[in-house]
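Working notes, beginning with the structure itself.
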């Protein structure tokens, strides 16, 4: 995955022991955040059973743009320590949630690849540290979209080549469909969609339910749901 230039946000993502979250829309009027009550159709039963039906729908004045659902309890690594480039305590290839693209709105991933209307799984991945990706971004955390019709097993997809190839089918391309994740500057108390005026990014901010060993927890989750890299 080609790393694209991102805002210099280098504060570690906090993993917090806390209770539920409220809903708020902290964004310009152009996009609003709402909630859903059901998992979308077209999702494998084994994956659907793990998804929280209360999703997050981002709408423009023309109607819904995309909806994101998260797993009921996001798996997080024990004793995780963030690094300069990796801020999230996730395992490569793990299931994080679902994405539904609505209408014919020219919806794209972070690289500008168009995703057709439909349902996709979202899995965590890191940009490989090789000669093709050096110097393009300081952050390695991404969500990859995979067509829900081919991603039917909730177990992590450990092989990067396999994960990348399956994600590439989302855009009918050779490159995976990716969404850049950003670290949180502070604990997220209410779910919101915020606008980055400098880059025209719409960022979904959620305190995702998680578990550390057998204790309930929250993990601050932020990613660019709408917007593309300038490169």
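Tabulated data
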| read-out | value |
| --- | --- |
| Label-point separation, residue 173 to residue 49 (7 Å along Cα→Cβ), nm | 3.5 nm |
| Gain on full stretching of the segment that runs from residue 72 to residue 158 - 0.36 nm per residue minus C-alpha separation | 28.9 nm |
| Linear extension gain, residue 91 paired with residue 62, 0.36 nm per residue minus alpha-carbon span | 6.8 nm |
| Pair residue 116, residue 138: separation of 7 Å Cα→Cβ label points (nm) | 4.0 nm |
| Cα→Cβ-extended label distance, 7 Å offset, between residue 108 and residue 83, nm | 3.0 nm |
| Residue 198/residue 35 FRET efficiency (R0 41 Å; Cβ-Cβ; nearest 0.05) | 0.90 |
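Read-outs throughout are calculated quantities, based only on the coordinates presented, and are distinct from any laboratory measurement. Keep in mind that what you see is a predicted model, and the values were worked out from it rather than measured. Every residue, glycine among them, receives a Cβ derived from its backbone with ideal geometry; neighbour counts consider all protein chains shown.
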